[in-house]
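*Asks:* Here it is, the structure, as structure tokens.
Read-outs: derived from the displayed coordinates by stated rules, not from any lab. Quick caveat, the model's predicted, so the values are computed rather than measured. We place every Cβ from the backbone using ideal geometry, glycine too, and count neighbours over all the protein chains shown.
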Amino acid sequence: MKDQLHISEQVCFPVYALAKEIINQYRPLLEALELTYPQYLVMLVLWEHEAQTVNQLGDKLKLDSGTLTPLLKRMETKAFVTRIRSTIDERIVNISLTEKGVALKEKAACIPKQLMEAMNVSAEDLLILKNIITKITKK
């Protein structure tokens, strides 16, 4: 009988290693855009939804406001986003893209294809992987 406590028997380790590898593959592509991987995730949400509150971003990205706030401040310094406190409820901070942030989408359009090429996988392979991951992570 196999020992289930061997690292080679674990599902978590290759998933962990894959996550690190994907982020490492993104790094040089994103450096050209002056983005970190978490900032890229924020941009993906904003390119899709235009404006979001910090809480909405946190829900979508599974990040808390303590992580998001400094990240968003750095993005504001780079003029990719604006952070505007709500006049109705000062606890709410609205995040919007600047013109520079909107323009960055065009420069980022090639990243998914470049990533697939760097990892030597097809769109079909990634879709299968994404579907399995989504099945596991859905609550």
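*Asks:* Based on the Cβ-Cβ distance of Thr77 and Gln114, what FRET efficiency does E = 1/(1 + (r/R0)^6) give at R0 = 25 Å, to the nearest 0.05? Don't jump to the answer; show the numbers that get you there.
*Replies:* Working: r = 26 Å, r/R0 = 1.06.
Efficiency at R0 = 25 Å is approximately 0.40.
*Asks:* Give, in whole angstrom and from largest to smallest, the semi-axes √(5λ) of the equivalent ellipsoid of the chain, with λ running over the eigenvalues of the Cα gyration tensor.
*Replies:* Semi-axes (√(5λ), whole Å): 32, 20, 13.
*Asks:* Taking 31 Å as the cut-off for C-alpha to C-alpha distance, list the pairs among Lys105/Lys135; Lys105/Lys130; Lys20/Lys138; Lys2/Lys113; Lys100/Lys135; Lys73/Lys135 that go past it.
*Replies:* Table pairs above 31 Å Cα-Cα are Lys2/Lys113; Lys100/Lys135; Lys73/Lys135.
*Asks:* Describe numerically, in nm with one decimal, the distance between label points set 7 Å from Cα along Cα→Cβ at Gln56 and at Tyr37.
*Replies:* Those two pseudo-labels are separated by 2.6 nm.
*Asks:* Which FRET efficiency, nearest 0.05, do Ile7 and Ile132 yield, Cβ-Cβ r, R0 22 Å?
*Replies:* Working: r = 21 Å, r/R0 = 0.94.
So, using R0 = 22 Å, E works out to roughly 0.60.
*Asks:* Here's a follow-up. Loop-only check: which GluC sites (Glu not before Pro) in the stretch 43-124 are DSSP coil with at most 15 other Cβ within 10 angstrom? Numbers along the way, then the final one.
*Replies:* On the way: sites: Glu48, Glu50, Glu76, Glu90, Glu99, Glu106, Glu117, Glu124; in loops: Glu50, Glu90.
Of the GluC sites (Glu not before Pro), the ones in loops of the stretch 43-124 whose Cβ has at most 15 other Cβ atoms within 10 Å are Glu50, Glu90.
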